[in-house]
Amino acid sequence: MQNILDTVEPYVLSSAVIDLDKMSRNYHKVQSELSSGAVVAGIVKANSYGFGAVPVSKRLYKEGCRHFFVATVEEGLEIRRVLNNDAQIFLLAGIMKGSEQICLENSLTPVLNDMNEIDLWIDFSKKIGEKLTAAIQVDTGMVRNGLSQKDIEKYHTKITDNINIAFVMSHLACADLVGHYKNIDQLNRFKEMLSFFGNNVKASFSATNGIFLGKEYQFDIVRPGKALYGFSVREDKIDTFEPVMDIYTRIIQLNTISKGETIGYGATFVAERDMKTVTLGMGYADGFMRKFGGFGHAFIKGKRVPIVGRISMDYMVADVTDLEEVSELQIGEWVALTQSPDYTLEKWALQMNTLPHEVACRLGRRVKKIYIDTK
């Protein structure tokens, strides 16, 4: 890893090393879990969970992925520029009035979530004289996006007569909780709703955790996000996928403090002994939230050292008093904030009572992303 970090400009204070080779193996690992005929889509919304939508999408395409999900038109346009025309890009947020033409021109397929969006798409289709394609989302219990059972019962003929349905989809609310009553309840609701669209309609029901609930949850298209990036969140599946990202920052100051001195805003940390600390060039502006202060560890020369005091906008502080190599530390030296496979971003985030993809999504623009990509 040091060889990769040596390529980073000396003025860059924090980096995320992203291994696209590992991501591709995660993609094929998901494929190996599927029933025959089901395909794996790439969830690349939110800048691919903070991993970088363009490099991630390009690599997934090389691996054979042809279905991509984003949230917004802007996200769709970003990856459309680097993907061939046979890549299908679906907009999870659907369409707003006035966005129909740009979707058509750029082959962005909306996921229609309510009757307002369906009417917009049908009206636009009639305007241009062409029956257009869309995915249809139904609400089976998430109560977030999707047509209700009553909507489907009332309008299914209107939908099937006027829209080429790419697939019908829904989203599980409790897939990370094995045995939760809501999983089977949503599955049964989904099957009932599908019946209104005919026997040949394709279906998409499961994201990462839903895939592992069983073959009956997989249908035609699965939508793994977390799994691609090495996360599972379900504790019994941690380490199923290879961690894709590790985060590093530089030492920017060496400090010696006396017993009784305090560290950081609010003087929340009081030294109980004479100490040696290092100031690290990463803070909440870079994605490490202020609430993480006083928790977590960094790794210097492979050894764990605690983060102390509050995290500020640009900095955090680590206690290196007990580090044998403390006298060897230098300004500009790289420090690991995660150390895969032992202390992954996922394990760190769960310890902090948050989600790993929340941390990854929050990484700021000052964090330079470096990619390992041998294909």
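The values are calculated or read from the model by the stated rules, or taken from the named source; none is laboratory data. Not measured: the values here are computed from a predicted model. Neighbour counts run over all protein chains shown; Cβ positions are idealised from the backbone, glycine included. The area values use the complete protein model at the heavy-atom level, side chains included, leaving out ligands, DNA and RNA. Shrake-Rupley method; radii C 1.70, N 1.55, O 1.52, S 1.80 Å.
Things to note:
- Tensor-based shape of the range 1-102 (alpha-carbon gyration tensor, a/c under 1.5 rounded, otherwise prolate or oblate): oblate
- Across Gly210, Gly50, Gly302, mean-square fluctuation computed from a Gaussian network of the chain (C-alpha pairs under 10 Å connected) peaks at Gly302.
- Cross-link table Lys58/Lys182; Lys29/Lys154; Lys191/Lys226; Lys22/Lys303, entries beyond 31 Å C-alpha to C-alpha: Lys58/Lys182; Lys29/Lys154
- Each Lys and Arg contributes +1 and each Asp and Glu -1, all at the Cβ; summed about the Cα centre of the chain, the dipole is approximately 440 debye.
- Karplus-derived HN-Hα couplings along the range 206-223 (A = 6.51, B = -1.76, C = 1.60, θ = phi - 60°), whole Hz, x at Gly and Pro: 10, 8, 3, 5, x, 4, 8, 6, x, 4, 5, 8, 8, 6, 8, 9, 10, 10
- Unit charges at the beta carbon, dipole of the range 156-258: most positive-side option, Ala207, Val244, Asn164: Asn164
- Remark: the range 275-285, residue by residue, has Karplus-estimated 3J(HN,Hα) of 9, 10, 10, 10, 8, 10, x, 8, x, 6, 5 Hz, where x stands for each Gly or Pro and the curve is 6.51 cos²θ - 1.76 cosθ + 1.60 at θ = phi - 60°.
- Per-residue HN-Hα couplings for the range 167-182 [Karplus 6.51, -1.76, 1.60; θ = phi - 60°; Hz; x = Gly/Pro]: 5, 9, 10, 8, 9, 7, 8, 10, 5, 7, 10, 4, x, 5, 4, 5
- Rolling a 1.4 angstrom probe over the protein heavy atoms with all chains in place gives the chain an accessible area of 45 Å² per residue.
- Under the combined filter of DSSP loop state and at most 14 neighbouring Cβ atoms within 10 Å, the range 73-143 retains these trypsin sites (Lys or Arg not before Pro): Arg81, Lys97, Lys131.
- Carbon plus sulfur fraction of accessible area for the range 1-137, probe 1.4 Å, in percent: 49 percent
- For Thr240, nonlocal amide neighbours, meaning residues 5 or more places apart or on other chains whose placed amide H falls under 5 Å from its own, do not occur.
- Across the chain, C-alpha contacts under 8 Å between residues 6 or more apart give a mean separation that, scaled by the residue count, equals a relative contact order of 19 percent.
- Ile102-Asp342 FRET efficiency (beta carbon distance; Förster radius 35 Å; 0.05 resolution): 0.15
- Shape of the range 70-163, Cα gyration tensor, a/c cut at 1.5: oblate
- Structure-derived semi-axes √(5λ) of the Cα gyration tensor in Å: which label, when the choices are [x] 29, 25, 21; [y] 45, 21, 19; [z] 33, 24, 19: [y]
- Over the range 80-122, relative contact order from alpha-carbon pairs under 8 Å, at least 6 apart, %: 42 percent
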